[in-house]
Amino acid sequence: MNKFRLKKSTCAVFLSCSLTASLLTLSNPAHATDLLSAYHNAVAYDAQFAAARAALEAGREKLPQGRAGLLPNIGLNGSTAWNDNRSTPRATGIENTAKYNTNGWTVSLTQPLFRWQNWVAYNQSELAVTLAKAQFAQARQDLILRVSQAYFDVLLAQDALATVQAQKVATTEQLASAKRSFEVGTATITDTNEAQSRYDLLVAQEIAAQNDLAVKQETLRTVVGKETGTLANLRPGVTLLSPQPNDMSAWVSMAETVNPGVASAQAAFEIATREVERQRAGHYPTLDLIASHGKSGIGTEGAAAFGGLDNRSNTIGLQLSIPVYSGGATVSRDREAVALKEKAASDLDYARRQAALSARQSYLGVNAGLSQVKAFEAALVSSQSSLDSNKLGYDVGVRINIDVLNAQSQLYATQQSLSKARLDTLLALLRLKSAAGSLNEQDVQAVNALLQ
């Protein structure tokens, strides 16, 4: 009889968990989503990523701007003016009037032949495009991490709410049992009061869990741009694998060379290095090819009219310019560029150290998470056994109600800790790949395959 009651109670607990999960799933099935679809929605909606995409397009325009300094400049100028001149010689006192129009146009071409600073600027423009691409790659990785973090936070909040609700159902059953035992005189009122106290506490925790879930869902919505409903969760008993390669030094090496932040700092350092060369080129002479073709005309009327005049001109030649003194501005800009180069070098060192630190922390986080998952899996089995034993002991009178309630709390806390450890491990693995500069949509698909 006791065994039957134990099995019935245990089944009620697990059925309540399943029922809660089913209700959450059926609450809004049309909007159910998984991690991959959430990421795709975020790519199209997220404002930070949209800004990064626009910055990339702007950065790509640096290349044609730099190339323009090597290509010819062609200009067209035109003018027309109407003139009314009156003059009176003192000797004759007779006024002379001249009314005429002057007009003309000129097409000019300037082709730089030797402007070293323009060549350096062109090299800088190529590096500027590289910098923009690295920054966009960093933005894409950051988006994956932000979506994953928000997604996993919702999963944990859903688990917390389902756990509290299932624990409330189990406590309700324990409260009813305590009341029956008190009525027949096999237990004291203390058991009933303890169960009632635990139930009231769970009601408060349920309200807090519902609020936390709503907040987490809103956070995810601001990233993906739509209501997500119930999210796909990790499959029960899913196995998490160690990072490959399972060598911290290999991940650190990749982080120091491939990390987008390091690539951005490297490009910025190269740009600063060439900026020193570009500013020093301000001391160099410049040589340009210049050519022009134009036409001008003048027409007159009145006493001094002579029928007008048309003039055409063609010129071609070389123009040499040698800078001599500019008030010290060129030398000052040179010193400024040297200082900025030193700053860029320090920024590059810092970026490498931060990338290496992030890789080490994430690698240790993955391995620690895997160990925690194994420990919590073992603890879950032990907690379930403890709950079964305490329920059996309560039925035969060797355990009191508080023992059963504590065992229930321990079981649910272990279940929630196991779920959090698994999600934290997955997030640490994504952060490890991000530190190494290899995080991409395929990694999102791999995590998504672990969901149901």
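Values quoted throughout were computed directly from the atomic coordinates according to the rules given, and no laboratory measurement underlies them. Please read all numbers here as calculations on a predicted model, not as lab measurements. Counting neighbours? That spans all protein chains shown, and the Cβs are built from the backbone with ideal geometry, glycine included.
Give the angle, between 0 and 90 degrees and rounded to the nearest 10, that separates the Cα long axis of helix 2-26 from the longest principal axis of the Cα atoms of the chain.
So the helix axis and the longest Cα principal axis differ by about 20 degrees.
What whole number of Å gives the distance from the Cα centroid of the range 420-452 to the Cα centroid of the range 54-102?
Each part reduced to its Cα centre gives a spacing of 63 Å.
In which sequence would Ser125, Ser417 go, from the one with the fewest C-beta neighbours within 10 Å to the one with the most?
Ser417, Ser125
Distances over 30 Å make up what percent of all Cα-Cα pairs in the chain?
67
How large is the helix-only mean residue ellipticity at 222 nm for the chain, computed as the sum of -39500 (n - 2.57) over DSSP H runs with n ≥ 4, divided by its residue count, in deg cm²/dmol to the nearest 500?
-24000 deg cm²/dmol
Going by average Cβ neighbours within 10 Å, how do the peptides 269-276, 327-334 rank, with the highest at the top?
Final packing ranking: 269-276, 327-334.
Can you run phi through the Karplus equation (6.51, -1.76, 1.60; θ = phi - 60°) for the range 103-112 and list ³J(HN,Hα) in whole Hz, with x for Gly and Pro?
Taking θ as phi minus 60°, the curve returns 8, x, 9, 9, 9, 10, 9, 10, 10, x Hz for the range 103-112.
Can you tell me the orientation of helix 260-280 relative to the chain, as the angle in degrees between its alpha-carbon axis and the longest Cα principal axis, to the nearest 10?
Helix 260-280 and the main axis of the chain meet at about 20 degrees.
Within 10 Å of each residue's Cβ, count the other Cβ atoms and sort Trp116, Trp105 from fewest upward.
The most exposed by this proxy come first: Trp105, Trp116.
Given a Förster radius of 30 Å and the C-beta distance between Ser292 and Gln65 as r, what FRET efficiency does 1/(1 + (r/R0)^6) yield to the nearest 0.05?
Computed FRET efficiency for Ser292 and Gln65: 0.70.
In degrees between 0 and 90, to the nearest 10, how far off the longest principal axis of the chain does helix 189-224 point, with axes built from Cα atoms?
20
Step through the residues of the range 382-391 one at a time and calculate ³J(HN,Hα) from phi using the Karplus curve (6.51 cos²θ - 1.76 cosθ + 1.60, θ = phi - 60°), rounding each to whole Hz and writing x for Gly and Pro.
Listing the rounded values in order: 5, 5, 5, 5, 5, 5, 4, 5, 5, 5 Hz.
Express in whole angstrom the spacing between the alpha-carbon centres of the range 327-365 and the range 261-280.
10
Tell me, what HN-Hα J-couplings in whole Hz come from the Karplus equation 6.51 cos²θ - 1.76 cosθ + 1.60 at θ = phi - 60° for each residue of the range 230-247, using x for Gly and Pro?
Per residue, the Karplus-derived 3J(HN,Hα) values read 6, 9, 5, 10, 4, 5, x, x, 5, 9, 9, 9, 6, x, 10, x, 8, 9 Hz.
Can you spot the lysines whose alpha carbon is less than 16 Å from Lys62's alpha carbon? Ignore those fewer than 8 places along the same chain.
Lys133
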